[in-house]
Amino acid sequence: MRKPLTGAALALPLAVLPATLVLAGSPALGAAPPRPDLARLVTLKDIEAHLRAFQEIADYNGGNRASGGAGYDVSVRYVAGRLRKAGLTPKIQKFSYPFWRERSRAVLARTAPSKATYRLGRDFATLAYSGSGKVTARVIAVDVPSRGEGTSGCEKADFKGFKRGSIALVQRGTCTFETKAANARAAGASAVVIYNKPGEKGLLNGTVNRPARIPVVGTSRTVGLALAKAARKGGLTLRVRTDTVHGKRRSSNVIADSGRGRAGNVVLLGAHLDSVREGAGINDNATGSAALLAIAAKIKHLGKSGLRNRVRFAWWGAEEEGLRGSTHYVKSLPRADREKIAVALNFDMLGSRNGTRGVYDGDHSTRTGTRAPAGSGAVEKMFRDYFASRRLPTTEHEFSGRSDYGPFIEAGIPSGGMATGADGVKTAAEAKAFGGRAGKVYDPCYHAKCDRLKNVNRKLLGTNADGIAHVTQRLARTTVAVNGGARLTVGGVAPSRAAVWQGPYRLR
């Protein structure tokens with residue numbers, strides 16, 4: 001955070017002040033008072049106090065703040081209480097979402113023509129919302145391409161002649177895991193094994209999006225290729241066992257508006273409040289939640305002239321379950337209210353220990369991820385110009401679907417924001433620009449128990465919060481560069497390609 005000048009740096013001898021001035025330090029009569037600077041008003045000290053509170057909440061409530069648990073409920077009460085103290089009126093929006101968990105460890109083993117047991121977490125993993133089952137059956141490779149991505153399992157015709165009760169082996173690619181699993185089940189498959197596509201290493205942290213009735217697991221490409229080769233020769237059988245539970249859970253969003261500003265032109269700032277079950281989630285995403293709380297507490301200082309547009313703050317629930325809270329919020333809004341949202345800003349993981357200063361790629365200059373609606377490029381430029389004015393480097397962060405901007409982009413709402421990186425690997429160029437270690441992940445405690453206070457890069461968090469406060473202040477005054485000053489009619493968005501992620505899970 002930048003520190004305001006104090007003491008001698010601001011002092012002037014009274015003898016040199018003109019008689020037309022009133023009290024020392026006051027503006028000249030008739031002169032406009034200086035405009036407040038939200039980036040100076042919001043301090044790192046403010047944010048750190050909230051981080052400590054979130055850590056304490058997790059420590060005394062099962063070690064996490066995951067949706068559906070006591071730690072999340074207490075976090076909601078904490079946010080609502082701080083908002084009331086700041087003079088805002090929070091609303092708690094409750095919603096339900098599909099829930100799933102594994103009750104015991106999954107099993108994948110080859111039983112014929114030779115035997116082998118595959119390691120959970122290294123060779124294979126259960127896809128989210130997989131069904132339960134214990135199956136030993138013949139494996140049939142379904143439209144498996146010899147090269148390229150292909151469309152294995154994407155069409156019902158792929159399963160022509162499929163023997164009911166067999167295990168379907170398909171390759172990841174083109175369509176969603178949900179589509180592949182649904183087509184396999186319709187053809188009578190007893191289980192589905194999806195292996196990774198060419199050029200992709202590791203496992204599939206994927207989801208079939210809604211509760212399935214048969215086991216669905218994903219394997220590494222190495223394991224999948226070996227299984228496909230054996231299946232083509234004939235006689236391959238596998239044992240697949242998954243033990244999952246499905247149901248409904250309830251969670252909530254916290255929403256609060258600034259007291260001033262045009263209700264028909266809303267600047268929305270959002271961050272997810274929940275953690276994963278494995279830990280307290282201080283970088284992911286207490287940092288975003290705390291930054292919003294600090295800004296909300298000082299927003300009133302912008303006054304009537306600085307708050308021409310309504311500023312809305314939102315803390316989303318169940319992001320780690322697949323963007324459930326933000327999706328519910330957007331879908332629950334009447335069309336007229338959606339059209340009042342001029343821009344949606346999202347802040348997720350602002351202090352990754354080995355991170356970068358990532359600004360969402362609103363103008364789609366990287367040609368990766370999803371193309372955001374018109375106006376998003378202006379938001380990106382606001383952030384990048386601010387950091388350039390302070391000679392602070394930035395990187396471009398793609399709109400991949402991994403955070404709560406997703407539902408807003410789908411609704412045609414201009415979007416932007418910041419992130420400092422999760423499980424991606426830092427490049428040599430990034431290490432040169434930002435420091436840290438090349439070849440290592442941005443957040444070494446991503447979705448882990450060690451995501452605690454010591455996992456936060458405070459310098460990165462402080463400067464990022466400055467940028468967020470600066471852009472918020474600018475948009476609160478005018479959104480001309482984003483939408484011409486008044487909300488445009490929401491239309492469909494033509495993405496460069498469909499979203500690959502839904503929160504922490506791959507969709508395809």
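Scanning region 48-94 for residues that are charged (D, E, K, R) and not in a helix (DSSP H, G or I) yields a count of 3.
Which one is nearest to residue 100 (Cα to Cα), of the residues in region 223-236 that are open to solvent by 40 Å² or more (accessible area, probe 1.4 Å) and in contact (Cβ under 8 Å) with a residue 24 or more places away in the chain? Once the filter is applied, the top-ranked residue is 225.
Matching residues to (1) at pLDDT 95 or above; (2) crowded, with 20+ Cβ neighbours inside 10 Å; (3) in contact with a His (Cβ under 6 Å, 6 or more places away or on another chain); (4) part of a loop (DSSP other than H, G, I, E, B):
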site	(1), (2), (3), (4)
165	yes, no, no, yes
178	yes, no, no, no
197	no, no, no, yes
238	yes, yes, no, no
254	yes, yes, no, no
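Taking the criterion of being small (Gly, Ala, Ser), under 23 Å from the mean Cα position of the chain (by Cα) and at pLDDT 90 or above, the only residue of region 199-216 that qualifies is 206. Filtering region 269-282 to residues that are surrounded by 24 or more Cβ atoms within 10 Å (Cβ to Cβ), more than 12 Å from the chain's Cα centre (by Cα) and not β-branched (Val, Ile, Thr) leaves 269, 280, 281. Anything in region 305-321 that is under 20 Å from residue 84 (Cα atoms) and either of a type in the set (D, E, K, R) or under 15 Å from the mean Cα position of the chain (by Cα) (or both)? List them, or say none. Hits for region 305-321 are 310, 312, 314, 315, 316, 317.
Pairing each residue of region 313-327 that is closer than 14 Å to residue 406 by Cα with any residue that is open to solvent by 10 Å² or more (accessible area, probe 1.4 Å) and acidic (Asp, Glu), provided the two are 6+ apart or on different chains, yields C-beta distances under 8 Å for 319/348. Out of 287, 327, one residue alone is open to solvent by 10 Å² or more (accessible area, probe 1.4 Å), in contact with a strand residue (DSSP E or B) (Cβ under 9 Å, 6 or more places away or on another chain) and over 16 Å from residue 398 (Cα atoms). It is 327. Of everything listed in (1) more than 30 Å from residue 292 (Cα to Cα); (2) surrounded by 17 or more Cβ atoms within 10 Å (Cβ to Cβ); (3) under 25 Å from the mean Cα position of the chain (by Cα), the single unmet condition for residue 102 is (2). Scanning region 46-66 for residues that are among the polar types (S, T, N, Q) and closer than 16 Å to residue 291 by Cβ gives a single hit, 55.
Listed conditions (1) in contact with a Leu (Cβ under 7 Å, 6 or more places away or on another chain); (2) open to solvent by less than 10 Å² (accessible area, probe 1.4 Å) are all met by residue 312, apart from (2).
The one condition from (1) modelled with pLDDT under 95; (2) more than 30 Å from residue 174 (Cβ to Cβ); (3) of a type outside the set (Gly, Ala, Ser) that residue 468 does not meet is (1).
Among the numbered conditions (1) open to solvent by 30 Å² or more (accessible area, probe 1.4 Å); (2) of a type in the set (Phe, Trp, Tyr); (3) at pLDDT below 95, the only one that residue 60 does not meet is (3).
For region 105-114, check the following and say yes or no: at least one residue is touching a helix residue (DSSP H, G or I) at 6+ places or on another chain (Cβ under 6 Å) and open to solvent by less than 20 Å² (accessible area, probe 1.4 Å). Checked region 105-114: no residue is touching a helix residue (DSSP H, G or I) at 6+ places or on another chain (Cβ under 6 Å) and open to solvent by less than 20 Å² (accessible area, probe 1.4 Å). Condition first: out of contact with any Ser or Thr (no Cβ under 9 Å at 6 or more places or on another chain), in a loop (DSSP other than H, G, I, E, B) and either at pLDDT below 95 or not basic (Lys, Arg) (or both). Now tell me which residues in region 116-132 satisfy that. Within region 116-132, just 121 meets the criteria. Note on region 351-438: enclosed helices (runs of 4 or more DSSP H) holding 1 or more residues that are open to solvent by less than 60 Å² (accessible area, probe 1.4 Å), under 21 Å from residue 475 (Cβ atoms) and touching a Pro at 6+ places or on another chain (Cβ under 8 Å) are 376-389, 406-410. Taking residue 335, is it of a type outside the set (Gly, Ala, Ser) and touching a strand residue (DSSP E or B) at 6+ places or on another chain (Cβ under 9 Å)? Here the answer is no, as residue 335 does not meet what is asked. Tallying residues that are surrounded by fewer than 23 Cβ atoms within 10 Å (Cβ to Cβ), in a loop (DSSP other than H, G, I, E, B) and in contact (Cβ under 8 Å) with a residue 60 or more places away in the chain within region 458-486 yields 3. Each residue in region 33-48 was checked for being out of contact with any Asp or Glu (no Cβ under 7 Å at 6 or more places or on another chain), more than 15 Å from residue 287 (Cβ to Cβ) and not basic (Lys, Arg), and 6 of them qualify.
The values are calculated or read from the model by the stated rules, or taken from the named source; none is laboratory data. Only a predicted model underlies this, so the values are computations on that prediction, with no experimental measurement involved. Positions of Cβ are generated from backbone atoms using ideal geometry, with glycine treated the same way; all protein chains shown enter the neighbour counts. The protein model used for the area step is the full one, side chains on, heavy atoms only, and it has no ligands, DNA or RNA in it. Shrake-Rupley method; radii C 1.70, N 1.55, O 1.52, S 1.80 Å.
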